[in-house]
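Student: Here you go, one structure.
The values are calculated or read from the model by the stated rules, or taken from the named source; none is laboratory data. Worth saying up front: this structure is predicted, and the values here are computed from it rather than measured. Because the Cβ atoms are built from the backbone with ideal geometry, glycine has one as well, and the counts that use them run over all protein chains shown.
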Amino acid sequence: MLNNVMDSRDLTTDLQQQLTELQAFHTRVAILQEVATAINRKLTLDEILPEMGRRIKWLMDFDHCSIYLIMPSFFTTLFGPPVEKTAFDYDVGLNRIDWVLQTKQPYRTLASGNGEPASQFSSHMVIPLESENVILGTINFASQKTNAFDADDLRLSNLLSMSLSASIRNAQRYEEVKHLYTQLEQTESLREDMIRMLMHDLRNPLSIIQGNLDLIGLTLDDHTTYETNRRRIADGTDAVSYTIQMIDDLLDVHRLDSGILIPKLDIVDILDLFKEKEQLYAIKAEHANITFNTTVLPNVFPIQADRRLLSRVIDNLINNACKYTRPGGKVELLAAPYDSELHISVRDTGQGIPVEYQAKIFDKFFQVIDAKGAPLRKGTGLGLAFCRLAVEAHGGKIWVTSKPNQGSNFIFTVPVKN
């Protein structure tokens, strides 16, 4: 009889304990639903991950929680002491996170041992983040306690990973849509700029050509002087040259931007190229009352480059410098070695470029404008875009340093190969 009473008490105790555990698990499931609802309301990873970090501790007991994502590849701590991914190593060259990514199975260790390296954590749990049969990464837990994570922790973590995976995938899609929308806006802007250029920049020189030809035709039987007609023909010729150059710039920018035009590398003697530019621009600069000189510093050797593209980049920069340098000013073409690169610069004493425009002037069709929205510089906005694309096609960079009324220094680099 006494044994039956004791068995009944034990059974009651067991039932009460199971009921308590069930109620605790039910509470944790409710918390999990709150966490899932909170993160599902967020649109970006920058919002989702901090929200997860704030709420995850309500769900279970741990000392560290982190996220590892494959795309974009990064490892970040959500809660607890910041650690590296190597904190989840379990042997030399082996990592729990990598194992989970390969097997798509959760990994739960109970305690350090079996030859595992010493760690600040004794227990680890790594759960795969998977959406639509695609592994996105892992959510990782660690504790200083031995046997810290039980089967309920594993079940809840798996449920959590499902909600988190969906939120991360939605965030990635949101970023993809944002990127596509930005590209669409840029394309639309380029289309509008193209229409503007065709309507305005190409129309103007064609109007000049037509006007001068009409005047010549009307005055053939008059006593118009030879000099007058010569000037009209020269104006028309200049307009034709400007139009052809504009079309060439447009075509070359398109070819470089789309990867159709690939630099044809050959040995380029910088000293020889600079002598060519000095002969070409010295007379033009003198007529404009501008001093032009070239300098090639010691240890500048021939490089591998597309001579035609490199020459056009230099021409564009020199023409711009001469165009915006006042009479009595100076334009200098300089080549200097710098580590594994060759630096070529065109410095002028012109009007300079405002700081807010210096990063934008290399964009296609961009033009510096005044307070009324009128372009400060005449042109299509393609010359510097061509320079940037041609330099980048060689593996180099281009930038400008400038101060208003103190001139500009355009610098570009070309990698030096043995």
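Student: Going through segment 264-296 one residue at a time, which ones are of a type in the set (Lys, Arg), in contact (Cβ under 8 Å) with a residue 24 or more places away in the chain and exposed (fewer than 14 other Cβ atoms within 10 Å of the Cβ)?
Tutor: Here is the first cut: in segment 264-296, the residues of a type in the set (Lys, Arg) are 264, 275, 277, 284.
From what's left, in contact (Cβ under 8 Å) with a residue 24 or more places away in the chain: 264, 277, 284.
264, 284 - these are the residues of segment 264-296 that are of a type in the set (Lys, Arg), in contact (Cβ under 8 Å) with a residue 24 or more places away in the chain and exposed (fewer than 14 other Cβ atoms within 10 Å of the Cβ).
Student: If residue 176 satisfies all but one of (1) in the same structural domain as residue 42 (by TED's automatic domain parsing); (2) surrounded by fewer than 21 Cβ atoms within 10 Å (Cβ to Cβ); (3) out of contact with any Lys or Arg (no Cβ under 7 Å at 6 or more places or on another chain), what's the number of the condition it fails?
Tutor: It is condition (1) that residue 176 fails.
Student: Could you run through segment 61-84 and say how many residues are within 22 Å of residue 104 (Cβ to Cβ), in a loop (DSSP other than H, G, I, E, B) and touching a residue at least 12 places away in the same chain (Cβ under 8 Å)?
Tutor: Looking only at that region, the number is 2.
Student: Then there is this: Just the residues that are touching a helix residue (DSSP H, G or I) at 6+ places or on another chain (Cβ under 7 Å), farther than 28 Å from residue 175 by Cα and free of Cβ contacts under 8 Å to residues at least 40 places away in the same chain, please, taken from segment 85-94.
Tutor: Here is the first cut: in segment 85-94, the ones touching a helix residue (DSSP H, G or I) at 6+ places or on another chain (Cβ under 7 Å) are 85, 88, 90.
Next cut, farther than 28 Å from residue 175 by Cα only: 88, 90.
Listed by number, the list holds a single entry, 90.
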